[in-house]
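Derivation of every value follows stated rules applied to the coordinates shown; laboratory data play no part. Since the structure is predicted, the reported quantities are computational estimates derived from the model, not experimental observations. With ideal geometry, Cβ positions are generated from the backbone for all residues, glycine too; neighbour counts draw on all protein chains shown.
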Amino acid sequence: MSMSAASSRALLTAADLRGSRADGLATLLGVIPLSRGSRLAIVGYVLPPAGGSNTARGGQPDDGLVVDTIQHRVLVNGRDAGLVFREFELLAFLAAYPARVFTRAHLLASVWGKAYQGRSRTVDVHVHRLRHKLGPEYGKRLVTIRHVGYMYRPPDSDVLPLDQ
């Protein structure tokens, strides 16, 4: 079935919407056919969380660890930590649920996806690399729970001692 030139011009794509706002955050949510050859584009915008920040902080507002989920990066004392994709995803996931313990299997399913066929040691290796890249001060926040998995310990938390 071919579309006429008039109807194909009415169909907007996400690329068409990029210039519709100065910040480029327009997202095409859907296109609804209205009548012969005309369509309604439903457009949404990504808004920062309440308070105007687009980051999830690792701790208090003055904390030196920032997980920026909009720009997909982690800052350690204002410097980019240089995380690869899965390291970022793992840290963002753990930091989103502070003081909650996750098994390796749960982390594999949540971060790598249910179709992942590798071994659970993958989580251990990624946590090791994360600790190294975050440095001694912030790497300690990734706590190993022996025979279970890992948790993110927020600063000034009495959940577990940092040196466990």
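Assuming charge only on the beta carbon of Lys and Arg (+1) and of Asp and Glu (-1), the dipole of segment 59-110 about its Cα centre is about 220 debye to the nearest 20. With the charge dipole of segment 65-164 set up from +1 on Lys and Arg Cβ and -1 on Asp and Glu Cβ about the Cα centre, the Cα lying farthest toward the positive end among the listed residues Ser120, Asn77, Phe88 is that of Ser120. Multiplying the residue separation of Thr144 and Arg129 by 0.36 nm and removing their Cα-Cα distance gives an extension gain of 4.0 nm. Sorting Leu134, Leu90 by the number of Cβ atoms found within 10 Å of their own Cβ, with the fewest placed first, yields Leu134, Leu90. Once backbone amide H atoms are built at 1.01 Å from N, Thr69 has Ala56 as its partners under 5 Å, excluding neighbours fewer than 5 places away on the same chain. Annotation: the residues Phe93, Phe102, sorted from fewest to most other C-beta atoms within 10 Å of their own C-beta, follow the order Phe93, Phe102.
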